[in-house]
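A.B. asks: Just passing along the structure, written as structure tokens.
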Amino acid sequence: MISRRSLLAGLGFGPFVASLPRPLRAASSTNTRLTYGWDPAVAGPTEATYIVAPGGDDTADGTLAAPLRTIQAGVNRLATQNGGSLAIRGGLYREALHLDGLKGSAEAPFKIHRYGRERVTISAAELLTGWQPCTPADAETLGAPVEGVFVVRIPRRTLLHDAPLALNMFEQGEWLSIATDRADMAGLDSASDYARFFQAHPQLGPNDKLLGFTDPNLRGRTVAQMTGVRVLIHHAPNIVTPDPIAGYDPVSGTIELARKNRKVQREKNQPILRYSLQNVSTALAPGRWIIRDEPGDMLAIYLVPKDVGNLASGIEISVRETCVDIGPAANVELFGLEMLRAAGDGQHGGVGLRHIGGQQSPADNRGLRLIHCRVADTLSTAARGEGALFMRGVSGLTMQNVSVDHVRGAFGMFLNDCRDVDLRFLHLSQISQSPARFFGLRQAVFAFSLIEDSAWEAHANKFNFYQGSDAILVYGIRTRNTGGYATYQEASRIFYGFCEFDASAGGTDNRALASQNRQAGAGQGGEDGSGDPVVGATFWYWNLNLSPVPHANAPAKALTLGPPGNSQRHAYHNCVLYGGGYADIYLKNKDPSYEQRSYNHYTGLAYWQSKQNGWALAEGEAVISPGQQQRSKGLDMRATITAEIAPLFPAFTDWDRDIDFNPVDWNAPPIGAQTY
């Protein structure tokens, strides 16, 4: 019988266990007592029902002296018990876990954890070895010079995710892009910025359906050069769809698309098409790769390495679409685990940790806890992936000190139809799409977390609450160098306290927090289809810093409330903001009782904030300069918090803490997110 290690070696893969990923340190606020994200050195228990170690044996007893080898074997053993724990010795485990059998109870839960301080990494990638210099035959196949290009051939079945363009390749820990041809080659992990795409003349069929396109710049390319190429088509504002090529005419530079069911986009009533090309042999360069189908269900992978010396043992590709699948598990805790390099081209592919849901009742998936875990280095080549961490239909979800980072082509964290959720001390960073997205989230706390260096895709936001989200506390959240704005639609009873949201990174939009709670269509977003799950509820915002460093010469509108069409009211106090508020009250005669405000300091004013429009400073409000230190007293929020907000969140007790977890003296209330 061929062992898994021998099989992988025969498929061009290297050893089962390789060196661990680069070390990371947890992020911290200005207060060293507050730490965001996972701690790579956090200590787990050393006593457990079963133990797993890289050098173990899956037929062993699972003790410290005779550990099991794979985590899945440990999970399967654990599932036979009435609760219990699985300790994992330090190392790199290349496998995908399925936790279906772990159906614990509140009285007898399951726990999967690292052993002591030993670092545990679960990877969806494998080492790829067996590289050879390209031959003249390869040059003919590619229609391009092959000097410095290396090739390895593997059976297609090796890719368990069956997504050849989602190899998610790494060279000595550095991500490598598929060879791409587009107008702007900067930031190849940003697929949806329309300014980086070529423009072409679309070829249209009946009903404006897109058949293909013509670009004179494509003339002269050979059929060999265009074989295996995939077209990325941009659809405003932020969707990119992948399309294979059905045909190519090198004389006219015309590409015929395999899919002919997409409607062309129009601008100023004129058809327009923006595109880029992937998997292009002529775009091979150091740190770029392509892949080609070959007879016998084989795949040829071509690479120009950054360092030829890395070919022996430094190239990894993702072969699995997930690291951990929760399935119908219940009352399970994951502690101190790192999940890396999941990849795929479906919505649920490239998800490091997932519960797809949709089959079980929410009551079947209760009591899931993620403590000091990390999900990273994921890739989705779908139009837009669900997220590196995706949970649907979970009730009683706790996530503390969780890091999600280096996510390409997908959201960072996506919670869909989850209830009774507690998210604290998270660190979301280096995520191409929105770092966090919430659909139908009910009864949740999102607190004391850092979001940074993310949302660089077109139309991405910092985080958003959609589709009936209700009773959400957003407290102590800080964003840095993050695109878009925090927002919500078809939601109610969302409360923001002691947060700091920066102006949109990489653009000129000064919006930091925006309500988009417009009226929904019939039967959507609430009992009456108005987008109001709780009709007439009030959104409270207090002690916020909004766009603390605004974009110069761009409109002041850090806070955008409304629009009309729903019954929601808004109350904001003690905030420092670069202009904004509820404009429709002053421009469209909206009922002024829909806005309450006091003790806000404006570092700029929107165009409508003027006497001419009936706007004036309210009690305790002032206009100050950006960056000016606050020293005046604000509004004491204790009575409002006690009466209207705290009863919804009985598990949250830090109402007297600022964004850095410093104590707040409500006898001298601060203005802004930090105490003086």
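The values are calculated or read from the model by the stated rules, or taken from the named source; none is laboratory data. Keep in mind the model is a prediction, meaning the values are calculated, not measured. All Cβ positions, even for glycine, are placed from backbone atoms using ideal geometry, and neighbour counts span all protein chains on display. We work out accessible area using only protein heavy atoms, side chains counted, and drop any ligands, DNA or RNA first. Shrake-Rupley method; radii C 1.70, N 1.55, O 1.52, S 1.80 Å.
A.B. asks: How would T59, T158 line up by accessible area, probe 1.4 Å, largest first? Walk me through the intermediate numbers first.
C.D. replies: On the way: T59 115, T158 10 Å².
Sorted descending by solvent-accessible area, the residues read T59, T158.
A.B. asks: Considering the dipole of the chain built from charges on the beta carbon (Lys and Arg +1, Asp and Glu -1) around the Cα centre, which of T254, S432, C323 is farthest to its positive end?
C.D. replies: So the residue furthest toward the plus end is T254.
A.B. asks: Another question, if that's okay. Cα centroids of region 202-238 and region 30-88: how far apart, whole angstrom?
C.D. replies: Each part reduced to its Cα centre gives a spacing of 51 Å.
A.B. asks: Find, to one decimal place in angstroms, the Kirkwood hydrodynamic radius of region 581-635, where the mean of 1/r is taken over every pair of different Cα atoms and then inverted. The partial results should precede the final answer.
C.D. replies: Details: mean 1/r = 0.0815 Å⁻¹.
Mean inverse Cα-Cα distance, inverted, gives 12.3 Å.
A.B. asks: Here's another thing I want to ask about it. Could you give the spread of the C-alpha atoms of region 538-676 along their three principal axes, from largest to smallest, in whole angstroms?
C.D. replies: 42, 35, 24
A.B. asks: Determine the share of the chain's accessible area contributed by carbon and sulfur atoms, expressed in whole percent, with a 1.4 angstrom probe.
C.D. replies: Values: 12730 of 25770 Å².
C and S atoms contribute 49 percent here.
A.B. asks: Where both partners of a DSSP beta bridge lie in the chain, what percent of those bridges are antiparallel, to the nearest 5? All intermediate terms of the calculation are to be shown ahead of the outcome.
C.D. replies: Values: 57 of 185 bridges.
So the antiparallel bridges amount to about 30 percent of the total.
A.B. asks: Related question: With all pairs of different alpha carbon atoms counted, what Kirkwood hydrodynamic radius in Å does the chain show? Intermediate results must be reported in sequence, preceding the final value.
C.D. replies: Numbers: mean 1/r = 0.0373 Å⁻¹.
With all distinct Cα pairs of the chain included, I get 26.8 Å.
A.B. asks: Can you give the local net charge around Q596? Use residues other than it whose beta-carbon is closer than 14 angstrom to its beta-carbon, Lys and Arg +1, Asp and Glu -1.
C.D. replies: On the way: positive: R569, K590, R597; negative: D591, E595, E619, E621, E644.
That sum, taken over residues with Cβ under 14 Å, equals -2.
A.B. asks: Separate question: Could you work out the pair-distance distribution P(r) of region 427-469 from its alpha-carbon pairs, with 10 angstrom bin width and percents rounded to whole numbers?
C.D. replies: Computed distribution, short to long bins: 28, 50, 22, 0.
A.B. asks: Let me check I've understood the local charge: for L577, count other residues with C-beta under 15 angstrom from its C-beta, Lys and Arg +1, Asp and Glu -1. What total comes out?
C.D. replies: Values: positive: R511, K557, R597; negative: E500, D502, D509, E595, E621.
Every neighbour counted, the sum reads -2.
A.B. asks: Just report the Cα centroid separation between region 574-620 and region 455-496, whole Å.
C.D. replies: Spelled out, the Cα-based centre of one part sits 22 Å from the other.
A.B. asks: A further question on this structure: Calculate one ³J(HN,Hα) per residue across region 251-264 by plugging θ = phi - 60° into the Karplus curve 6.51 cos²θ - 1.76 cosθ + 1.60, and present them in order as whole Hz with x for glycine and proline.
C.D. replies: Computed from phi, the couplings for region 251-264 are 6, 9, x, 9, 10, 9, 7, 5, 9, 10, 10, 8, 8, 6 Hz.
A.B. asks: Using each residue's phi in region 670-676, evaluate 6.51 cos²θ - 1.76 cosθ + 1.60 at θ = phi - 60° and report the 3J(HN,Hα) Karplus result to the nearest Hz, with x for Gly and Pro.
C.D. replies: Karplus values, whole Hz, x for Gly and Pro: x, 10, x, 7, 10, 6, 7.
A.B. asks: Taking a probe of 1.4 Å, how large is the accessible area per residue of the chain, in Å²? Kindly include the intermediate steps, with their values, before the conclusion.
C.D. replies: Values: 25770 Å² over 676 residues.
I get 38 Å² per residue for this part.
A.B. asks: Rounded to the nearest 500, what is the 222 nm mean residue ellipticity of the chain from helices alone, with -39500 (n - 2.57) per DSSP H run of 4+ residues and division by all residues? Write down the numbers at each step before the final one.
C.D. replies: Details: 5 runs with 31 residues, N = 676.
The helix-only estimate for the chain comes to -1000 deg cm²/dmol at 222 nm.
A.B. asks: What net charge do the residues around A552 carry, taking every other residue with its C-beta under 15 Å from that of A552, with Lys and Arg at +1 and Asp and Glu at -1?
C.D. replies: On the way: positive: K557; negative: D502, D509.
Once all neighbours under 15 Å are counted, the net charge is -1.
A.B. asks: Each residue of region 568-582 in order: what ³J(HN,Hα) in whole Hz does its phi give by Karplus 6.51 cos²θ - 1.76 cosθ + 1.60, θ = phi - 60°, with x for Gly and Pro?
C.D. replies: These are the phi-based 3J(HN,Hα) values: 6, 10, 9, 10, 9, 9, 6, 9, 10, 9, 8, x, x, x, 9 Hz.
A.B. asks: Past 20 Å, Cα to Cα, is the threshold; run K462/K557; K588/K611; K263/K462; K590/K611; K557/K588 against it and keep the listed order. Write out the running numbers ahead of the final one.
C.D. replies: On the way: K462/K557 16 Å; K588/K611 15 Å; K263/K462 30 Å; K590/K611 17 Å; K557/K588 17 Å.
Flagged as over cut-off: K263/K462.
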